[in-house]
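The values are calculated or read from the model by the stated rules, or taken from the named source; none is laboratory data. Because the structure is a prediction, the values reported are computed rather than measured. All Cβ positions, even for glycine, are placed from backbone atoms using ideal geometry, and neighbour counts span all protein chains on display. Keep in mind that these areas ignore ligands, DNA and RNA; they rest on the heavy atoms of the full protein, side chains included. Shrake-Rupley method; radii C 1.70, N 1.55, O 1.52, S 1.80 Å.
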Amino acid sequence: MSDTTTLTPPAARTATGLPHRDVGELLRRTARHYGPVLALYGVLKLIGFSVFMYLLDSDGGFRTRNPRFGGGAHVWDVLATWDGWWYQQIAAHGYHPALVQVPGATGLITLEGNSAAFFPLYPATMRLVSDVTGLGLYGSGMLVSVVASFAAALGIYAVTARFGGRRAGLAAAGLWAVWPGSGMEWSAYSESLYIALAVWACHAVMTDRWLTAGVLTFAAGLNRPTAVALIAALIVAALQTLHRRRENLAGPWTAMAIAPLGLTGYLLWVGNRMGNLAGYFALQKGAWGHTFDYGKQTADVFSSMAVGRFDYLFAFPFEDTIAALTVLLAALLIPLLIRLRPPVVLIVYTLLTLALVLGSQQIFGNVSRYLLPCFPLFIPLAVRLRTLQLPMLCLLLGIAAVASGSYAGYVLFEAGVP
């Protein structure tokens, strides 16, 4: 026997403390698990986006429009107009909240538009990415939206897979790519970032990670006003959890304390700068005609469309038809969602989002966009689609992706006012 012993050196370790081979295996497993989700979503979005760009270029109307209102020198410039223009202004110049009367105005619109109507997280992220990467604000905004859309797809997959397994999760991610209003996912708008935050906040609640849920909901509240639905859903779920158990109570209490701070903080800051604590709502009503009317306009739209009239407020027939079909689809899916007995956070979030959207006076054609955050509605449909073989599922979603270039992209940006 030798007097010396050959020692085997320990495996090289990464900064995480895991051996390199273990990290490599973890990355391979992660890629195998989530790669198909990202690939399916990415391909479907690319199909719809290409059709959308083709339709815009074929129509050519954007070339004669104001670059702020749906126009531009290039077809892709359209993606950063309307609200996208405002977000770029905020990213470049910051906020200057004010309620400025339009001289002599007595009708619906009495105030000048002001950037304070748009929440700060998306333009702040746009500016940060621009500073770090050197991209312009347009490119940075698009990068944030595209990356966030993939994060949302993964979250929708993760939530749905808890109900119907991997195939259902894959179908739900595909539905996110082709849903009415999905044309906003790859544009200089805040939808993708908000939905990514909302999806993962709900997932965190479902997996009992309350601090994560509270922080994500706080961030969502800095991104869109409809985060009030997410905040309420988290609070209801937290109270239910506190009622059911007698230990580990700090998490739900902490989440409830953190969640509302983003939304309320921004509204109070705007109100303070305007000298009117309700200044945000006054601006929305006076400059954009947006106000909560308990569903009066929605009822007017449906009663008018039912008899073939388009003489209601903010009428855009093609866009409004898509929006009406989206509302009807949502109405059909709600009972199917409830039948699955999902966690209360998903039910409250979905129902309150629907109530906020349909209970507001606004450009009705944008409802298909505003209902895009109602991702739990994908779940019952995805659970039924899981019975299809993968090639058939991809074929059906692929056909929908081609069509989405029109109904989810072109209709919103060109047939109406997004």
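Assorted remarks:
- Alpha-carbon Debye profile of the range 83-180, log10 I(q)/I(0) at 0.11, 0.25 Å⁻¹: -0.53, -1.12
- Principal-axis analysis of the Cα atoms of the chain puts helix 121-133 at an angle of about 60° to the longest axis.
- Mean ellipticity per residue at 222 nm, deg cm²/dmol - from DSSP H runs of n ≥ 4 across the chain, formula -39500 (n - 2.57): -21000 deg cm²/dmol
- Close amide H partners of Arg65, meaning residues 5 or more places away or on another chain with modelled amide H under 5 Å apart, are Gly72.
- Solvent exposure of the range 232-330 as accessible area per residue, Å², 1.4 Å probe: 54 Å²
- Solvent-accessible area per residue in the range 343-418 equals 30 Å², computed with a 1.4 angstrom probe and all protein chains kept.
- Ellipsoid semi-axes in whole angstrom, largest first, where each is sqrt(5λ) of the Cα gyration tensor of the range 169-221: 23, 15, 5
- Comparing the range 30-101 with the 2.2 N^0.38 Å rule of thumb, its C-alpha radius of gyration ratio is 1.57 (two decimals).
- Folded to 0 to 90 degrees: helix 279-288 orientation relative to the chain principal axis, Cα: 60 degrees
- Computed from the Kirkwood radius of its Cα pairs, the Stokes-Einstein diffusion coefficient for the range 272-418 at 37 °C and 0.692 mPa s stands at 191 µm²/s.
- Across the range 349-358, rounded Karplus estimates of 3J(HN,Hα) from the backbone phi angles (6.51 cos²θ - 1.76 cosθ + 1.60, θ = phi - 60°) give 4, 5, 5, 6, 4, 4, 5, 5, 6, 6 Hz, Gly and Pro being marked x.
- Using all pairs of distinct alpha-carbon atoms, the Kirkwood hydrodynamic radius of the range 226-337 works out to 17.8 angstrom.
- Solvent-accessible area of Ser192 with every protein chain in place, 1.4 Å probe, in Å² to the nearest 10: 0 Å²
- Neighbours of Gly416 by Cβ distance under 10 Å: Lys/Arg scored +1, Asp/Glu scored -1, total -2.
- Residue ranking by accessible heavy-atom surface, 1.4 Å probe, largest first, among Arg32, Arg384, Arg65, Arg369 comes out as Arg32, Arg384, Arg65, Arg369.
- Stokes-Einstein D in µm²/s, Kirkwood radius over Cα pairs - the range 11-147 at 25 °C with 0.890 mPa s viscosity: 131 µm²/s
- Compared with the dominant Cα axis of the chain, that is its longest principal axis, helix 210-221 is turned about 30°.
- Largest-first ellipsoid semi-axes for the chain, taking √(5λ) over the Cα gyration tensor eigenvalues, angstrom: 38, 26, 24
- Charged neighbours of Ser368, selected by a Cβ distance under 11 Å, balance to -1 (K, R count +1; D, E count -1).
- Area of Phe118 that stays accessible when all protein chains are in place (1.4 Å probe, Å², to 10): 20 Å²
- Protein accessible area in the range 222-350, 1.4 Å probe - carbon and sulfur %: 66 percent
- Amide H contacts under 5 Å for Leu111, placed H, 5+ residues apart: Val102, Ala287
- Accessible area ranking (1.4 Å probe, heavy atoms, ligands and nucleic acids excluded), largest first, for Tyr189, Tyr407: Tyr407, Tyr189.
- Between the amide H of Ser360 and those of Asp293, Gly295, distances stay under 5 Å, these residues lying 5 or more places away or on another chain, with hydrogens modeled in the peptide plane.
- The chain: relative contact order in percent, alpha carbon pairs under 8 Å with at least 6 residues between: 22 percent
- Order of exposure, largest accessible area first, which applies to Ile379, Ile334 with probe 1.4 Å: Ile334, Ile379
- Here the range 164-254 is treated as a Stokes sphere of Kirkwood radius computed over C-alpha pairs; at 37 °C and 0.692 mPa s its diffusion coefficient rounds to 228 µm²/s.
- Backbone HN-Hα couplings from phi across the range 38-45 [Karplus 6.51/-1.76/1.60, Hz, Gly and Pro as x]: 5, 5, 4, 4, x, 5, 4, 5
- Sulfur and carbon atoms: percent of accessible area, the range 134-216 [1.4 Å]: 71 percent
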